[in-house]
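The structure under discussion appears below in the form of structure tokens.
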Amino acid sequence: MIAADHPDRRSARLLVVKADGAMTDLPRADLAKLFEPDDLVVANDAATLPASLHGTHVPSSEAIEIRLAGWLSLADPTRFVAIAFGAGDHRTRTEDRLPPPPLSAGNRLRLGPLEAVVERLLDHPRLLELRFLGNRAAVLAGLAQHGRPIQYAHVPGPLALWDVWTKIAARPVAFEAPSAGFALDWRTLQSWRRHDVGFATLTHAAGISSTGDRALDSRLP
């Protein structure tokens with residue numbers, strides 16, 4: 001299961017590797033039975049940003065899609081490493097997408113309610129550093145209003161945020177969903193609590209795992 005799928009949660013399976021190396025598979029519902037009292041389960045609670053933004057390259061008036069790929073600094077949530085595409089959408093494989101309009105440092109982009117500036121180009125024609133105009137609250141509100149979850153061509157229908165947020169999602173800092181977290185549900189957490197199995201979370205911002213372009217993938221944060 002990957003973050004871009006529409007998994008059937010009820011029929012999901014678990015691969016279990018035992019201490020002696022033996023392997024078996026179990027229904028996802030059996031996850032609650034695999035731990036003993038005083039065990040501790042730690043899960044990633046990062047929520048997924050709606051990080052695909054369609055808009056206009058202002059100097060050329062041409063269509064552009066920006067996919068946010070990583071924070072430059074969590075302390076400044078207005079600045080990102082980003083991937084740029086020309087006209088089109090996720091139904092076309094990433095490696096077959098049109099190139100973006102010619103980009104230069106200082107170019108402005110209009111992305112729904114947001115405006116952004118290209119700060120600099122990186123060492124790939126699609127890769128750039130981007131700064132949104134406005135404060136933290138305005139940028140996050142604009143992403144929530146206009147952005148869409150990043151998804152791939154093999155899932156033709158549009159995904160909503162609840163398709164890519166796990167049950168324990170907290171701060172929106174990831175760019176793809178932490179797929180393993182979809183094995184969790186409230187019934188499992190309740191069972192662990194009843195049986196004195198500890199549960200804790202950490203926030204780990206997963207980046208974009210693949211674009212379909214190996215040269216670009218090797219440069220992603």
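Since every read-out is calculated from the coordinates, none of them should be taken as a lab result. On a predicted model such as this, the values are computed, not experimentally measured, just so you know. Glycine gets a Cβ as well: all are built from the backbone with ideal geometry, and neighbour counts include every protein chain shown.
Write down the Kirkwood hydrodynamic radius of region 52-156, to one decimal in angstroms, obtained as one divided by the mean of 1/r over all alpha carbon pairs.
Values: mean 1/r = 0.0727 Å⁻¹.
Mean inverse Cα-Cα distance, inverted, gives 13.8 Å.
Taking 8 Å as the Cα distance limit and 6 or more residues as the minimum spacing, I'd like the relative contact order of region 119-221 as a percentage. Before the final figure, lay out the partial values.
On the way: 68 pairs, mean separation 21.0, N = 103.
20 percent.
To the nearest 0.05, what FRET efficiency results for ASP39 and ARG171 with a Förster distance of 30 Å applied to their C-beta separation? Spell out each step's value before the answer.
Details: r = 26 Å, r/R0 = 0.86.
E between ASP39 and ARG171, to the nearest 0.05, is 0.70.
Per-residue ellipticity at 222 nm for the chain, helices alone: DSSP H runs ≥ 4 residues times -39500 (n - 2.57), over residue total, nearest 500 deg cm²/dmol? Don't jump to the answer; show the numbers that get you there.
On the way: 4 runs with 28 residues, N = 221.
Mean residue ellipticity, 222 nm, calculated: -3000 deg cm²/dmol.
How do 12-22, 140-150 rank on mean C-beta neighbours within 10 Å, highest first? Walk me through the numbers before you get to the answer.
Values: 12-22: 9.3, 140-150: 18.6.
Result, highest mean Cβ count within 10 Å first: 140-150, 12-22.
Assuming R0 = 45 Å, what is the FRET efficiency of GLN145 and ASP20, from their Cβ-Cβ distance, to the nearest 0.05? Don't jump to the answer; show the numbers that get you there.
On the way: r = 52 Å, r/R0 = 1.17.
Using R0 = 45 Å, I get an efficiency of 0.30.
How charged is the neighbourhood of ALA116? Take every other residue with its Cβ under 14 Å from the Cβ of ALA116, and add Lys/Arg as +1 and Asp/Glu as -1. Numbers along the way, then the final one.
Numbers: positive: ARG67, ARG79, ARG108, ARG110, ARG120, ARG131; negative: GLU65, ASP76, GLU115, GLU119, GLU129.
Local charge sum for ALA116: +1.
Enter the angle in degrees (range 0 to 90, nearest 10) between the Cα long axis of helix 136-146 and the first principal axis of the Cα atoms of the chain, meaning the one along which they spread out most.
Rounded to the nearest ten degrees, it is 90.
Quick one: go through region 58-78 and flag any residue whose amide nitrogen is under 14 Å from the point 7 Å out along the Cα-to-Cβ line of SER104.
From region 58-78, the list is 58-61.
Which trypsin sites (Lys or Arg not before Pro) in region 92-158 sit in a loop by DSSP (not H, G, I, E or B) and have at most 16 other Cβ atoms within 10 Å of their own Cβ?
Details: sites: ARG93, ARG97, ARG108, ARG110, ARG120, ARG126, ARG131, ARG136; in loops: ARG93, ARG97, ARG126.
Here the trypsin sites (Lys or Arg not before Pro) that fit, given the DSSP loop and packing criteria, are ARG93.
Can you tell me the relative contact order of the chain? Whole percent, Cα pairs under 8 Å, sequence separation 6 or more.
Numbers: 458 pairs, mean separation 63.2, N = 221.
Once normalised by length, the contact order is 29 percent.
Hey, rough spin-label estimate for GLU119 and ARG193, points 7 angstrom out along Cα→Cβ, what's it come to in nanometres?
4.2 nm
Kirkwood hydrodynamic radius, region 9-69, all distinct C-alpha pairs: what's the number in Å?
For region 9-69, inverting the mean 1/r across all distinct Cα pairs yields 16.4 Å.
Just subtract the alpha-carbon distance of ARG219 and ALA63 from 0.36 nm times their residue separation and send over the number in nm, one decimal.
Extending this stretch completely gives an extra 53.7 nm.
Expressed as a whole number of Å, what is the distance separating the alpha-carbon centroids of region 40-87 and region 138-210?
Cα centroid of region 138-210 versus Cα centroid of region 40-87: 16 Å apart.
Provide the net charge surrounding GLU129, with neighbours chosen by a C-beta distance below 15 Å and charges set as Lys +1, Arg +1, Asp -1, Glu -1. Mind showing how you got there, number by number?
Values: positive: ARG67, ARG79, ARG108, ARG120, ARG126, ARG131, ARG219; negative: ASP76, GLU119, ASP123.
Cβ neighbours under 15 Å give a net charge of +4.
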